[in-house]
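First comes the structure, then the notes that go with it.
Rule-based calculations on the coordinates, nothing more; no lab input. Everything numeric in this text was worked out from a predicted model, so none of it was measured.
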Amino acid sequence: MDERKKLIKMKEVTFEELFRQVHNCLEWKDLQKMRNDNVKLELADMNDNMIESDEAVKKEFESNKPFFKIKLTPFQHPIISGKKKTIKNALVIMIGISEYNDNKNGCNLPGVKEDDNENFKQLFEQELNYTFVCNPSPSMTKEDVLDFIDQVIRDHELRRNTKKYDGLITIICGHGDQGDEGDALVTSDGGSISIDEFRDPFDCNRMRSFKDFPKIFIIDICRSKSKPEPQKPVMRGKRPLHKDDGFLVIWSTTKGNTVADLSLLSKYMKNIVTSTYKSGYPFKQVLQDIRTELRNKNDVYCVESQDTTDYDIVFQQRKSA
């Protein structure tokens, strides 16, 4: 970098280890440039081939003298209409079920309890300083989950939004229902709650105080093959009211596929948002970066998103009162 050469020693031949060691070689002026110029660090070999995977690193090490170059490249922001909404004071609701009563309902998911919960809490509560609420028990029946949602709505006075939230983030982790009822979270007792049941309380009809706010749903469950029944539009006189506006739904996998208990979606979301949000990095580009990382690391995940917003979303750290 800038004709400077440094020798690094790696504990293992992986892209993650190389990236970490390269960061340790940076000087203060390099870090300032990355922040001021809104650029990101990328790695290439001496022929300017990008290094983005373990395989590429290992291939370079097959030579006698592996060399890597640091490249600082501008973030590629998606082309949008120019509209954006900045979330400064979000309510984050997480429902993570990791314990199940018997194997018929699904084996336990230690990754949900040990990793997903911690990753999302570090990102949204500790880094962004948003209000973060999570189910107190790793084992929840269907009634427990529904009561928990009702209690959150009451305790945080969401219908009047007296706490001035400007965004809602709902995270759902656990086993998914692969039956005929469509995508649903399986509860510890074998019950199921469709994803629509989680969304409906916050649509534009029922939660009018959240009508103009981003509503992000992050769903890390296995998904069924069945297709949901088409919904009839809600009518008010002769004019349709689009109650599903403002939702961004993020799935860890596509329809009809399972996903492993590896907590990679929460890991990469935490890492990428934490490293980029201060520069005004749009969340839709974060999702694209997550897809790229998962494609390089693991073929079990295939992130899909469904978006009914007409703006881009930017995170900003909430200022303490």
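Hey, what number do you get for the chain at 222 nm if only DSSP H runs of n ≥ 4 count, each worth -39500 (n - 2.57), divided across all residues, to the nearest 500?
The helix contribution divided over the chain gives -7000 deg cm²/dmol.
I'd like the projected area of the stretch 260-319, averaged over all directions, using the convex hull of its alpha carbons. Report it in nm² with one decimal.
The number I arrive at for the stretch 260-319 is 4.9 nm².
Taking H as built 1.01 Å from N, whose amide H comes closer than 5 Å to the amide H of Thr170, not counting residues under 5 places away?
Placed amide hydrogens put Ile93, Ile216, Phe217, Ile218 under 5 Å from Thr170.
Can you list, bin by bin at 10 Å, the percent of alpha carbon pairs in the stretch 15-74, starting at 0?
Calculated over all Cα pairs of the stretch 15-74, the distribution is 21, 52, 23, 4 percent.
If the cut-off is 18 Å between C-alpha atoms, which aspartates and glutamates fall inside it for Lys319, apart from same-chain ones fewer than 8 positions away?
Straight-line reach from Lys319, under 18 Å: Glu125, Glu127, Asp166.
For the stretch 1-152, with equal point scatterers placed on the C-alpha atoms only and solvent neglected, what are the log10 I(q)/I(0) values from the Debye formula at q = 0.08, 0.13, 0.14, 0.20 1/Å, to two decimals?
Normalising to I(0) and taking log10 leaves -0.44, -0.90, -0.94, -1.18.
Report, ordered by chain and residue number, the lysines lying within cross-link reach of Lys29, taken as a straight Cα distance under 17 Å and ignoring same-chain residues fewer than 8 apart.
Lys5, Lys6, Lys40, Lys71
Taking every eigenvalue of the Cα gyration tensor of the chain, multiplying by 5 and rooting it, what semi-axes result, largest first, whole Å?
On the way: eigenvalues 287, 117, 67 Å².
Semi-axes, largest first: 38, 24, 18 Å.
What is the spread of the Cα atoms of the stretch 112-207 along each of their three principal axes, largest first, in whole Å?
Between the extreme Cα coordinates on each principal axis of the stretch 112-207 lie 39, 35, 19 Å.
Run through the DSSP bridge list for the stretch 84-315 and note the antiparallel percent, rounded to the nearest 5.
Once the DSSP bridges in the stretch 84-315 are tallied, antiparallel ones form about 30 percent.
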